[in-house]
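Engineer: Dropping the structure in here first, questions after.
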Amino acid sequence: MILLLGATGYIGHAFQTELTRRGQRFVALSRSEVDYTKFQSLYDYLKSSRPDFIVNAAGYTGKPNVDACEAAKADTLQGNTLFPQVLAHACAALDIPFGHVSSGCIFAGAWIDYGNGWVVEKDMTKPEFVAIAKHSPEKIRGFDETMTPNFSFRDEPCSFYSGTKALGEEAIKDVGQNFIWRLRIPFDEFDNPRNYLSKIQRYAKVYNNFNSLSHRGDFVNACLDCWFQKVPFGTYNVTNPGYVSTADVSEMIKEILKPEREFEFWKSDAEFYTTGAVTARSNCIMDSSKLINVGIIIRPVIAALQTSLNNWKSE
Ligand SMILES: NC(=O)c1ccc[n+]([C@@H]2O[C@H](COP(=O)([O-])OP(=O)(O)OC[C@H]3O[C@@H](n4cnc5c(N)ncnc54)[C@H](OP(=O)(O)O)[C@@H]3O)[C@@H](O)[C@H]2O)c1
């Protein structure tokens, strides 16, 4: 039996749908039934139910966006750092493997070769970076799983949310047997306030930058495949290969969905951070080749975006 934590949430719901589709026996446990965030109640529950594997899709995300975490720091720390640590230790004590949904937002920027070797560029809005990203993508690489987060409390600035996600990874990395699955900006074909494609369509002004993304269904499929295909435990960037700019995605929306409105963009980071945002945003390019090299199939980001828009289902 698989135990699913956080099934009432946006990502947890997709795990629930996919586990059901696969005909897997699972239990979706909510804090309203058992407060699984407390060590003793979680330990007692696990000792009696003995799941084969746990999917942790629980955590604290700010709503409508990461700025909300700056005003709820205790909940953010509890949900994204303290709780994963409690889970990891309870699982280790009972020898139960688990997978934890982390985030790519613990990184900022990308690796780039401007002509003098590979360097990390945190500012992907620089004209030199934009030109290379458009015309010489072979000169850009994402962060892989060997690299240390550079948008974290140990490498500031970062948002409070990102800091707690990075610390959550540190807290569980060497405790028992687990997967750390890094999700990045989820989207799919179902219109939803949490869907990146819906967000772009609803923003009064769009913030343009480069990012890797995760199709929600592809993400949960890849995570579950990690368990069922018995790939080695460890950290995996679970993003659709490649990267896109928000401007590129807006163009795809215009072409495929033909919305009546035009998209207006923030003119600069300065304008966005003065009036449109409270805390720093992570924008980053991820390298998902480790996942692919262990045999997990995940389609390129452009294909996933096109299919989502071609099958768009309004709320
Ligand atoms: N959505 C994104 O854009 C995104 C991107 C990257 C990573 N992630 C990560 O993916 C995981 C799931 O995110 P989500 O978007 O599905 O979140 P969500 O919709 O807010 O759902 C999270 C679920 O976690 C449970 N939970 C446990 N402790 C909690 C706490 N302290 N505060 C709030 N909820 C808590 C709740 O379920 P019960 O109360 O029913 O148990 C809740 O329904 C999180 O770890 C998040 O950091 C999300």
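Engineer: Does at least one position in the range 273-289 carry a residue that is touching a helix residue (DSSP H, G or I) at 6+ places or on another chain (Cβ under 8 Å), crowded, with 20+ Cβ neighbours inside 10 Å and not in a loop (DSSP other than H, G, I, E, B)?
Structural biologist: yes
Engineer: Report yes if some residue within the range 61-84 is more than 14 Å from the ligand (Cβ to nearest atom), modelled with pLDDT of 95 or more and either more than 22 Å from the chain's Cα centre (by Cα) or crowded, with 17+ Cβ neighbours inside 10 Å (or both); otherwise report no.
Structural biologist: No: the range 61-84 contains no residue that is more than 14 Å from the ligand (Cβ to nearest atom), modelled with pLDDT of 95 or more and either more than 22 Å from the chain's Cα centre (by Cα) or crowded, with 17+ Cβ neighbours inside 10 Å (or both).
Engineer: Look through the range 165-194, keep the residues that are surrounded by fewer than 21 Cβ atoms within 10 Å (Cβ to Cβ) and of a type in the set (S, T, N, Q), and return whichever of them is nearest to the ligand (Cβ to nearest atom).
Structural biologist: Filtering the range 165-194 for residues that are surrounded by fewer than 21 Cβ atoms within 10 Å (Cβ to Cβ) and of a type in the set (S, T, N, Q), the one nearest to the ligand (Cβ to nearest atom) comes out as Asn192.
Engineer: Something else now. Any chance you could count how many residues in the range 179-227 are in contact with a strand residue (DSSP E or B) (Cβ under 9 Å, 6 or more places away or on another chain), under 27 Å from Gln24 (Cβ atoms) and among the small types (Gly, Ala, Ser)?
Structural biologist: So the answer is 2.
Engineer: Filter the range 85-102 for residues that are crowded, with 24+ Cβ neighbours inside 10 Å and either among the hydroxyl-bearing types (Ser, Thr, Tyr) or more than 17 Å from Lys173 (Cβ to Cβ) (or both) and give the result.
Structural biologist: Across the range 85-102, the qualifying residue is only Ser102.
Engineer: Test Ala108 against the stated conditions and say whether it is crowded, with 22+ Cβ neighbours inside 10 Å and either in contact with a strand residue (DSSP E or B) (Cβ under 7 Å, 6 or more places away or on another chain) or at pLDDT below 95 (or both).
Structural biologist: It is true that Ala108 is crowded, with 22+ Cβ neighbours inside 10 Å and either in contact with a strand residue (DSSP E or B) (Cβ under 7 Å, 6 or more places away or on another chain) or at pLDDT below 95 (or both).
Engineer: Please find, within the range 1-39, the residue that is surrounded by the fewest Cβ atoms within 10 Å (Cβ to Cβ) out of those that are aliphatic (A, V, I, L, M), in contact (Cβ under 8 Å) with a residue 40 or more places away in the chain and assigned to a loop (DSSP other than H, G, I, E, B).
Structural biologist: Filtering the range 1-39 for residues aliphatic (A, V, I, L, M) gives 1-5, 7, 11, 14, 19, 27-29, 34.
Then keep just the ones that are in contact (Cβ under 8 Å) with a residue 40 or more places away in the chain; that gives 1-5, 7, 11, 14, 19.
Pick out the ones that are also assigned to a loop (DSSP other than H, G, I, E, B) and you get 1, 7.
Values: Met1: 11, Ala7: 22.
The qualifying residue surrounded by the fewest Cβ atoms within 10 Å (Cβ to Cβ) is Met1.
Engineer: Moving to a separate point now. Considering each residue of the range 100-135, count those that are charged (D, E, K, R) and either part of a strand (DSSP E or B) or touching a Gly at 6+ places or on another chain (Cβ under 9 Å) (or both), and give that number.
Structural biologist: Matching residues across the range 100-135 total 4.
Engineer: What about Tyr196, is it under 20 Å from Met147 (Cβ atoms), of a type in the set (Phe, Trp, Tyr) and within 16 Å of the chain's Cα centre (by Cα)? Explain how you work it out, then say what you get.
Structural biologist: Numbers: under 20 Å from Met147 (Cβ atoms): no; of a type in the set (Phe, Trp, Tyr): yes; within 16 Å of the chain's Cα centre (by Cα): yes.
Considered against the rule, which asks whether it is under 20 Å from Met147 (Cβ atoms), of a type in the set (Phe, Trp, Tyr) and within 16 Å of the chain's Cα centre (by Cα), Tyr196 comes out as no.
Engineer: Could you check, for the range 144-163, whether at least one of its residues is more than 29 Å from Ala71 (Cα to Cα) and crowded, with 20+ Cβ neighbours inside 10 Å?
Structural biologist: Scanning the range 144-163 turns up no residue that is more than 29 Å from Ala71 (Cα to Cα) and crowded, with 20+ Cβ neighbours inside 10 Å.
Engineer: Return the only residue of Ile112, Ile2, Ile54 being under 25 Å from Asp174 (Cα atoms), of a type in the set (A, V, I, L, M, F, W, C) and away from the ligand (no atom under 14 Å from the Cβ).
Structural biologist: Among Ile112, Ile2, Ile54, only Ile2 is under 25 Å from Asp174 (Cα atoms), of a type in the set (A, V, I, L, M, F, W, C) and away from the ligand (no atom under 14 Å from the Cβ).
Engineer: Look at the range 234-262 and say how many of its residues are surrounded by fewer than 19 Cβ atoms within 10 Å (Cβ to Cβ) and in a loop (DSSP other than H, G, I, E, B).
Structural biologist: 5
The values are calculated or read from the model by the stated rules, or taken from the named source; none is laboratory data. Remember, predicted model here, so these are calculated numbers, not experimental data. For neighbour counting, all protein chains shown are included, and Cβ atoms are generated from backbone atoms with ideal geometry for every residue, glycine included.
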